[in-house]
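Novice: Take a look at the following structure, please.
The values are calculated or read from the model by the stated rules, or taken from the named source; none is laboratory data. Only a predicted model underlies this, so the values are computations on that prediction, with no experimental measurement involved. All Cβ positions, even for glycine, are placed from backbone atoms using ideal geometry, and neighbour counts span all protein chains on display. Heavy atoms of the whole protein, side chains included, go into the accessibility calculation; ligands, DNA and RNA do not. Shrake-Rupley method; radii C 1.70, N 1.55, O 1.52, S 1.80 Å.
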Amino acid sequence: MQLPPAVHARLAGGPGAAEPLPVERSPKAGAVPFRFTARQVRFPREHEFFEDGDVQRHLYLQDVLTQVAGAPERPRVPEFTCQVAGCCQVFDALEDYEHHYHTLHRNVCSFCKRAFPSGHLLDIHILEWHDSLFQILSERQNMYQCLVEGCTEKFKTSKDRKDHLVRRHLYPADFRFDKPKKNMSPATPRATVQVSAEALGAEGEQVEGDAMEVCSEPAGERHTAGRRLSLAMGN
Amino acid sequence: MWLRRQGCLRPAGCGVEELRRRRREREAALRKARREQQLISKRLLRDDAPEEGEGGCVAVILGQAEIQQFLQLAQRGTEEKERGRALVSLRRGLQHPETQQTFIWLEGSMRTLVGLLTSNQALLQLEAARCLHELSHSEQSAVAEACLPATSYLLTYLSGHSSDFISPHVTVLEALGYALSQLLQAKEAPEKIIPSVLGSTLPQHMLQLLQPGPKLNFGVAVEFAWCLHYITCSQVNNALLITHGALSTLGLLLLDLAGAVQRTEDAGLELLACPVLRCLSNLLTEAAVGAVGEQMQLRDERVVAALFILLQFFLQKQPSLLPEGLWLLNNLTANSPSFCTSLLSLDLIEPLLQLLPVSNVVSLLVLTVLCNVAEKGPAYCQHLWPGPLLCSLLGTLAFSDTEVVGQSLELLQLLFLYRPEAAQAFLQQSGLQALERHEKEAQLQDRVHALQQTALHS
């Protein structure tokens, strides 16, 4: 099938619709014994029209699931330590290190050193915990935003937000993105990451004890003090 | 992970012919299953799988106590590898339906699994994702449904990472998408599951994962595109999806796919193209399309260019997808003078005609699209003749399929009506003889007769 070069050029061009040629229909068009009418067609899920595509999809799944069932060979490297000062985690697979770094050192609050799973959650934390304006504003209006992107609800207190997350978005009632260990042996420091309702700001109290243990001097943290305040004020 | 075929998983000593035979057998089995409405049977996804991996692992029935033990070990063990092994043992057990049942009814089990799915340790996250895979294979919908509530939570956690392609996160996302797609195929999905999915923030999350750009992960997109297809073809509330911008997201994704096809002829791209085409085609039929703002509609001419690039690709690599691509072309052109004009101004009539010999289904769709153009009037037919169209129609009149011939007659009527000179040319090229062949055919004779009259009086 030969395509004119204009087609490839058009794809690379900017958005836009063609200026339509004038439409002019005759009543004889599609009249008996003819029957053509231009119409859009929809197919329901079980229609045989989908048979070929469905079969291809399942062939693909069969191949893939065979692989999922087997344990993949992970490439090993000579053991190395995390380079972040104060972190003594050791690895023998790059994938593990990548994951570790991203989860524990990447989105770290520069004020309190807590680590968060994503930039979005870190932003919310900084706003709620380290922005003096936030507390003032939250006395007058609902400032605690829902964590789920796409949900625009805001709440008066952290607890109300937590209730919403559990009820509306079916979060686990004791949700945290990683449970801290109850019995930590001091010989093997483990950093844990969590976004618990408390960590995000339960009535402005810091959570003590086993709620959080992070590396002492994480790298890659944000220096966001000035920016965060201006964000709050800009609102 | 889905497309990185790690190593060769073919059984040892298996020749190419043997592989082809097995694939044909598998394909036949799947077709049969689909006709019997059994395609979603998870059994089919496992039965043919050759013995692989951990030397003939057999599904083991685990009791409540054992499941609890493995979960505790996974959650609180001191050594990462030990914790991982506990999950492997759990997964083997979860291959058995009884274990699945026991698992979902065990208090806190799902919650623990969800916690592990967001673990900061890669190995655990991966193994937990595989457990989720096993659960989503269950024949019993109650099991798959148990996975659903966690989805929104997991997507919030994972969507912050999609820009970084952290492998375990991607694996969990794929597993989630796959689990959801299994759930959405259940018989009771349209009444029970799809409404609740549409009522959550899942549609926005799904569309986000389908946005083209550097953050797009192919394997993840494939799973969620199929989820979207199962939702849209169930016709529960497609208007809602349109208000979330589904048309523009999928349209942009289509452009992206066409671009990818131009750069590399990777034969895996049709895995994503198929569900995207289906969603677009079905969504376009919604009345809501007219009701939303400009931005939410699909007017971009580049979509037509992209579609033809994909059609060309399908012709080479996956001809069975040509009807689906042409279906979208029909839905784009049926009520749109603008898209019909694009077909003409981009010189796409001739490439379209080149598809006529492929199959009867394809011929019928090509002729229908051409009718969509012709019925818009003289200004359009002016570009259809003179040109290769008439000759092609004389060719399709020689086909044996009644529907194809019938549609050719419809197109001729429109052409003769809006471009009378074409009727004369038709006569000169022995058109009457081509028509005579069908004078006795019940479904065609009235139209044949009418055309004969028109041609003779032109």
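Novice: Once a ≥ b ≥ c are taken as the square roots of the eigenvalues of the Cα gyration tensor of the stretch B:283-336, is the result rounded (a/c under 1.5), prolate (a/b larger than b/c) or oblate (a/b not larger than b/c)?
Specialist: prolate
Novice: Rounded, prolate or oblate: which fits the stretch B:322-458 when a ≥ b ≥ c are the square roots of the eigenvalues of the alpha-carbon gyration tensor, with rounded for a/c under 1.5 and prolate only if a/b beats b/c?
Specialist: It comes out oblate by the Cα gyration axes.
Novice: Treating each Cα of chain B as an identical point scatterer and ignoring solvent, apply the Debye formula and state log10 I(q)/I(0) at q = 0.06, 0.12, 0.13 Å⁻¹.
Specialist: -0.35, -1.08, -1.20
Novice: Classify the stretch B:62-106 as rounded, prolate or oblate from the Cα gyration tensor: take a ≥ b ≥ c as the square roots of its eigenvalues, call it rounded if a/c is under 1.5, otherwise prolate when a/b beats b/c and oblate if not.
Specialist: The shape class here is prolate.
Novice: In terms of modelled amide H atoms, which long-range or inter-chain residues lie less than 5 Å from the amide H of A:GLN145?
Specialist: A:PHE155
Novice: For q = 0.10, 0.15, 0.16, 0.17 Å⁻¹, what log10 I(q)/I(0) does the stretch A:1-159 give under the Debye formula with an equal point scatterer on each alpha carbon and no solvent?
Specialist: -0.93, -1.05, -1.07, -1.11
Novice: State the Cα centre-to-centre distance between the stretch B:323-339 and the stretch A:121-152 in whole Å.
Specialist: Spelled out, the Cα-based centre of one part sits 47 Å from the other.
Novice: Pop out a list of residues from the stretch B:272-286 that are at least 50 Å² less accessible with all the protein chains around than in their chain alone; 1.4 Å probe, no ligands or nucleic acids counted.
Specialist: For the stretch B:272-286, once contacts with the other chains are taken into account, B:ARG278, B:THR285 lose 50 Å² or more.
Novice: Of the lysine pairs in chain B, how many meet both conditions: Cα atoms under 26 Å apart, and a spacing of 8 or more in sequence or different chains?
Specialist: For chain B, qualifying lysine pairs total 5.
Novice: Let me ask something else about it. Run the numbers on the stretch B:337-353: which residues show a drop of 40 Å² or more in accessible area, chain on its own versus all protein chains together, using a 1.4 Å probe over heavy atoms?
Specialist: B:SER338, B:THR341, B:LEU346, B:PRO351
Novice: Count the net charge of all other residues whose Cβ sits under 13 Å from the Cβ of B:GLN445, scoring Lys and Arg as +1 and Asp and Glu as -1.
Specialist: -1
Novice: Next question. At a probe of 1.4 Å, how much accessible area disappears from chains A and B on forming the pair, both sides counted, to the nearest 100 Å²?
Specialist: In total, chains A and B hide about 10800 Å² from solvent.
Novice: Averaged over A:142-150, how many beta carbons belonging to a partner chain fall within 10 Å of each residue's beta carbon?
Specialist: Average per residue, whole number: 4.
Novice: As a test of the formula, what do you get for chain B when each DSSP H run with n ≥ 4 contributes -39,500 (n - 2.57) and the sum is divided by the residue count, at 222 nm and rounded to the nearest 500 deg cm²/dmol?
Specialist: Theoretical 222 nm ellipticity from helices: -20500 deg cm²/dmol.
Novice: May I have the extent of the alpha carbons of the stretch B:301-401 along their three principal axes, as whole Å values ordered from largest to smallest?
Specialist: Rounded to whole Å, the extents work out to 35, 34, 19 Å.
Novice: Once you list every other residue whose beta carbon is under 12 Å from the beta carbon of A:GLY14, what net charge do they have if Lys and Arg are +1 and Asp and Glu are -1?
Specialist: 0
Novice: Tell me the net charge near A:GLU153. Cut-off is 9 Å between Cβ atoms, A:GLU153 excluded, with +1 for each Lys or Arg and -1 for each Asp or Glu.
Specialist: So the surrounding residues net to +3.
Novice: I'd like the carbon and sulfur percentage of the solvent accessible area for the stretch B:233-349, probe radius 1.4 Å, heavy atoms only, ligands and nucleic acids excluded.
Specialist: 49
Novice: What helices does chain B hold that run 27 Å or longer along their axis, going by alpha-carbon atoms, with a Kyte-Doolittle average of 0.5 or more, using DSSP H for the helix calls?
Specialist: Going by DSSP H runs, there are no hits.
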